[in-house]
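In what follows, a structure is listed as C-alpha cells, so that the remarks can point back to it.
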Amino acid sequence: MCIPGIDPLTIGLVLSAGSAAANHIGARKVQKARDGALSVERLRKQKLQREADAVNAKSRDRYVDFEDQQGETSSKLTDYFTQAPQSADEAVGEANATAGSVMPSATNDIVQKEIEKQSGLADAFTSQQAGARGRLRSFGDLLGGISRDQARDAGKIGQIGGFQQGSANVLAHELESAGQAGSGAQFFGDVLGGLGSIATTGGITARSKAGTLPGWLNGGKLGGLV
C-alpha cells in the first residue's frame, strides 16, 4: 500500500492521526447525545415537579379561611333545610296538599290575626331549627368535602410520581441509544487505526532495513518494533 512519493511510514502516521480524530468525533457525538437526553429528562422532571407542587399547594389552600368556608356551608345548609321537607311525613304532606286540606282563611279579624301570628311563630321556629341544623352540620360537611378533595389530590400526586418513575425508565433507554450516536465515526476510526498500525509497522521495518529510519524513531519506542 505504497503511494508514489509517500512512504508507508508517513501513510501510517496519517492514518493513525485520522483514527484519533474520528474516534474523538465519535466520542463527542456520544457525549452530545447523552447531554441532550439528560437535558430532556431534566425538563420532564421539572414539569412534573411543578404539577406536583401545584397540587400540593392547592391541597394546603383548602384549609385557608376555614371559618369563612364553614359560614358559607352553614348558610347553604340552612337554605336547604328551610326549603326542603324536614321529614318523610312532611314530604308526603306537601305532595298531598290540596285545596281541601289547606286551612281556609278566617272571616273573623281576631281569628285571622291569630292564624297569622301562629304561622309566623311556626315560620320563625322552622328558620331557627334550620339555622341550628345548618351550623351543626357545617363543620362535618365542610371537613368531609375537604378530605375527599385531598384524597383526590393524593391520587394525583401518586399519578405524577408514576410518571416520574416512567420518565426515569425511559432515560435509561435514551442513554443506551445515545451511546450508539458516534458508532459510525468510531468504526471508521477503528478501521483507520488498524490500517495505520499496519502501514506504520511496515514503514518502520522497511526504513530500518534500508538504514533510513529517523533517529527519533530508531531510539524511541516505535524503533523497538523492528
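The values are calculated or read from the model by the stated rules, or taken from the named source; none is laboratory data. Since the model is a prediction, treat every value here as computed from it, not as a measurement. Positions of Cβ are backbone-derived with ideal geometry, glycine not excepted, and every protein chain shown enters the neighbour counts. Ligands, DNA and RNA are stripped out before the accessible areas are found, and what is left, the full protein with its side chains, is counted by its heavy atoms. Shrake-Rupley method; radii C 1.70, N 1.55, O 1.52, S 1.80 Å.
Results for (1) surrounded by 12 or more Cβ atoms within 10 Å (Cβ to Cβ); (2) at pLDDT below 70, shown as yes or no for each residue.
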position: S75; (1), (2): yes, no
position: T82; (1), (2): yes, no
position: P85; (1), (2): yes, yes
position: E94; (1), (2): no, yes
position: S101; (1), (2): no, yes
position: N108; (1), (2): no, yes
position: Q118; (1), (2): no, yes
position: A124; (1), (2): no, no
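Among the residues of the stretch 33-46, is any out of contact with any Asp or Glu (no Cβ under 9 Å at 6 or more places or on another chain), surrounded by 15 or more Cβ atoms within 10 Å (Cβ to Cβ) and either over 30 Å from L175 (Cβ atoms) or hydrophobic (A, V, I, L, M, F, W, C) (or both)?
no
Considering each residue of the stretch 167-200, count those that are part of a helix (DSSP H, G or I), closer than 12 Å to G26 by Cβ and open to solvent by 70 Å² or more (accessible area, probe 1.4 Å), and give that number.
So the answer is 3.
If you scan the stretch 50-73, which residues turn out to be in contact (Cβ under 8 Å) with a residue 12 or more places away in the chain and open to solvent by 60 Å² or more (accessible area, probe 1.4 Å)?
Residues satisfying the conditions are E51, N56, K58, Y63.
For the stretch 134-154, give me the residue count where each residue is within 16 Å of S75 (Cβ to Cβ), without any contact (Cβ under 8 Å) to a residue 60 or more places away in the chain and open to solvent by 90 Å² or more (accessible area, probe 1.4 Å).
Count: 1.
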